[in-house]
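**Q** Sharing a structure, written as structure tokens. Questions coming.
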Amino acid sequence: MKTEGSVRFVVTGAPVPKARPRMNRKTGNVYTPKTTLDFEGQVAIAAGQAGLVLVPKQLYVVTCWFCITSKRPDLDNLLKSVLDGLQQYGHQYGWNDKQVAAIHAYMLWADNWRQKTVVEVGPVETLTLEGDAA
């Protein structure tokens, strides 16, 4: 679906869904598990290496996760991890995930060594729906 002005990048390795917050029983502090934070950081790094510049306008996000069948993560939690990683990266540009106006999300099954997350981000005005006059 790559459109003009869009950027595509890949995060290799097993996709990590957004985990529920945990609470430290001793201190009462609430925290996000390290595996989730690490994956969000990998998304942010991959976005930067791909040259993604998040500008303050409406964007679309297309994501495709290649997962092993034994894990079967929830699609919505996978999406949250990617959006939070983009927000972590986009913070320097004043970007917020509220600017995402369109989402296409796919989860496909893969062998263990082929697990990855593919992300594409672009301006929503470049999208056309089937049947639209160009």
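Readers should treat all values here as calculations from the given coordinates under stated rules, not as data from a laboratory. As the structure is a prediction and not an experimental result, all values here were calculated from the model. We place every Cβ from the backbone using ideal geometry, glycine too, and count neighbours over all the protein chains shown.
**Q** Can you tell me the orientation of helix 75-90 relative to the chain, as the angle in degrees between its alpha-carbon axis and the longest Cα principal axis, to the nearest 10?
**A** The two axes meet at around 80 degrees.
**Q** Using R₀ = 22 Å, calculate the FRET efficiency as 1/(1 + (r/R₀)^6) where r is the Cβ-Cβ separation of ASP38 and HIS104; round to 0.05. Spell out each step's value before the answer.
**A** Working: r = 25 Å, r/R0 = 1.15.
The computed FRET efficiency comes out at 0.30.
**Q** Each residue of the stretch 115-120 in turn: what ³J(HN,Hα) in whole Hz from Karplus with 6.51, -1.76, 1.60 and θ = phi - 60°, glycine and Pro shown as x?
**A** 5, 6, 10, 10, 10, 10
**Q** Give me the number: length gained by fully extending ASP76 to ARG114, i.e. 0.36 nm times residue separation minus the C-alpha to C-alpha distance, one decimal in nm.
**A** Details: separation 38, 0.36 × 38 = 13.68 nm, distance 2.12 nm.
Contour length minus Cα-Cα distance gives 11.6 nm.
**Q** Report, in listed order, any pair from LYS26/LYS116; LYS80/LYS116; LYS34/LYS116; LYS71/LYS98; LYS34/LYS80 with a Cα-Cα distance greater than 25 Å.
**A** Numbers: LYS26/LYS116 36 Å; LYS80/LYS116 16 Å; LYS34/LYS116 19 Å; LYS71/LYS98 29 Å; LYS34/LYS80 15 Å.
In this structure, LYS26/LYS116; LYS71/LYS98 lie more than 25 Å apart at Cα.
**Q** Let me ask something else. Could you sort 23-31, 111-119, 74-82 so that the peptide with the highest average Cβ count within 10 Å comes first and the rest follow in order? Before the final figure, lay out the partial values.
**A** Details: 23-31: 8.6, 111-119: 15.3, 74-82: 17.8.
Ranking the peptides 23-31, 111-119, 74-82 by packing returns 74-82, 111-119, 23-31.
**Q** Rounded to two decimals, what is Rg over Rh for the stretch 7-126 when you use alpha-carbon atoms and the Kirkwood radius? Mind showing how you got there, number by number?
**A** Values: Rg = 14.7 Å, Rh = 14.8 Å.
Result for the stretch 7-126 is an Rg/Rh of 0.99.
**Q** Moving on to the next point. What angle, in degrees between 0 and 90 and rounded to the nearest 10, separates the Cα long axis of helix 34-49 from the longest principal axis of the Cα atoms of the chain?
**A** Once rounded, one gets 30 degrees.
**Q** Given the -39500 (n - 2.57) contribution per DSSP H run of 4+ residues, what per-residue ellipticity at 222 nm results for the chain, rounded to the nearest 500 deg cm²/dmol?
**A** Details: 2 runs with 32 residues, N = 134.
-8000 deg cm²/dmol, from helical runs alone.
**Q** Here's another thing I want to ask about it. If the stretch 40-84 were replaced by its equivalent ellipsoid, with semi-axes equal to the square roots of 5 times the Cα gyration tensor eigenvalues, what would those be, largest first, whole Å?
**A** On the way: eigenvalues 107, 33, 15 Å².
Equivalent ellipsoid semi-axes, largest first: 23, 13, 9 Å.
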